[in-house]
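A short reminder: the numbers here are calculations on the coordinates, not readings from a lab. If you're wondering where the values come from, they're calculated on a predicted model, not measured in any experiment. Cβ coordinates were reconstructed from backbone atoms using ideal geometry, including for glycine residues, and neighbour counts include every protein chain displayed.
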Amino acid sequence: MAKYTASVEKRFKSPGPQPNGLQAAEDGLWCIDQVNLKVHKMDWDSGEVLHEFDTETEHSSGITIGNGAVWITSTFELQVVKIDPEDGKTIARYPDPGVGLTAGRELVGGDTKKTGSHGIEWKDGKVYVAGPPTQRIHVMDAETWEEVGQFSTGGLRVHGIGWDESGRLWVSDTSSGTVMLMDAESGRIYDVFRVDEPDEVHGMTVRSNGEIWYCDAGTCDIGVLKR
């Protein structure tokens with residue numbers, strides 16, 4: 001029987017100072033760092049860096065791969081950036097659909113600086129973007145960049161997202177320490193588990209074997225959430 005509180009199995013440290021987004025691939029684990037803005041592709045077992053490049057982004061929070069490109073949420077630029085996976089050169093820039101004030105800033109008042117999205121996933125020609133300010137997943141057509149759907153995440157600070165083998169989306173909320181399995185069209189919740197403090201789920205991705213991997217920007221830990 002699945003447990004409702006996950007244990008955290010830490011595998012290795014990030015090569016960068018603040019890992020904020022993860023993407024699983026057969027050839028390695030991809031990571032974007034929000035401080036040095038580098039992409040690192042790491043060996044699944046050792047964490048050895050297999051490939052890396054700089055990006056033209058700012059305070060990046062999510063990374064995915066699709067249609068031969070790397071896609072990154074450039075959170076402080078309020079953009080989603082499409083990048084060449086070999087050299088890191090920018091291919092295109094798109095307006096971030098999840099831009100706004102976070103609820104925390106809105107609550108205390110005074111700070112009107114807008115911020116952008118965090119987690120991002122690509123599937124079947126669509127880009128799924130997790131917006132903490134809007135507390136929603138925005139579904140974008142990758143070719144036209146038109147919004148073709150959205151749903152509420154039901155939490156304060158949505159962050160990493162990753163595809164389950166069922167076709168549903170695992171969605172993490174860093175503030176509440178929850179990870180929910182959601183329908184990718186309606187947002188209906190089918191499963192949930194907690195990750196206890198002090199560990200935090202920032203970036204998150206699902207490996208082909210079903211393992212849910214996470215990174216914690218505060219500790220540089222990269223590992224697996226076990227139930």
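Points worth noting:
- Checked against (1) touching a residue at least 40 places away in the same chain (Cβ under 8 Å); (2) buried (at least 16 other Cβ atoms within 10 Å of the Cβ); (3) touching a Ser or Thr at 6+ places or on another chain (Cβ under 6 Å), HIS138 meets all criteria but (3).
- TYR94 satisfies every condition listed in (1) surrounded by 15 or more Cβ atoms within 10 Å (Cβ to Cβ); (2) under 30 Å from VAL8 (Cβ atoms) except (2).
- Residue count for the stretch 16-35 satisfying the condition of being surrounded by 14 or more Cβ atoms within 10 Å (Cβ to Cβ), without any contact (Cβ under 8 Å) to a residue 40 or more places away in the chain and over 15 Å from the mean Cα position of the chain (by Cα): 1.
- Listed by first and then second residue, the pairs with beta-carbon distance under 6 Å, at least 6 apart or on different chains, first residue in the stretch 166-185 and under 17 Å from ALA6 (Cβ atoms), second hydroxyl-bearing (Ser, Thr, Tyr) and surrounded by fewer than 18 Cβ atoms within 10 Å (Cβ to Cβ), are LEU181/TYR190.
- Across the stretch 193-219, the qualifying residues are those that are over 15 Å from the mean Cα position of the chain (by Cα) and surrounded by 15 or more Cβ atoms within 10 Å (Cβ to Cβ), and the one among them that is nearest to GLY125 (Cα to Cα) is GLU211.
- GLU58 vs. criteria over 17 Å from the mean Cα position of the chain (by Cα), free of Cβ contacts under 8 Å to residues at least 40 places away in the same chain and within 25 Å of MET140 (Cβ to Cβ): no
- Test: SER152 is surrounded by fewer than 18 Cβ atoms within 10 Å (Cβ to Cβ) and either over 23 Å from ILE72 (Cβ atoms) or free of Cβ contacts under 8 Å to residues at least 24 places away in the same chain (or both): yes
- Selection of the stretch 57-72 for residues being assigned to a loop (DSSP other than H, G, I, E, B) and touching a Gly at 6+ places or on another chain (Cβ under 8 Å) yields only ASN67.
- Scanning the stretch 140-164 for residues that are among the aliphatic types (A, V, I, L, M) and either more than 26 Å from ARG105 (Cα to Cα) or touching a Pro at 6+ places or on another chain (Cβ under 9 Å) (or both) yields MET140, ALA142, VAL148, LEU156, VAL158.
- The lone exception for VAL80 - which of (1) over 22 Å from CYS215 (Cα atoms); (2) touching a Phe, Trp or Tyr at 6+ places or on another chain (Cβ under 6 Å) it fails: (1)
- Qualifying residues in the stretch 165-182 (those that are assigned to a loop (DSSP other than H, G, I, E, B) and of a type in the set (Ser, Thr, Tyr)) - the one nearest to GLU121 (Cα to Cα): SER166
- Number of positions in the stretch 36-49 that are assigned to a strand (DSSP E or B) and either touching a Leu at 6+ places or on another chain (Cβ under 7 Å) or surrounded by fewer than 15 Cβ atoms within 10 Å (Cβ to Cβ) (or both): 2
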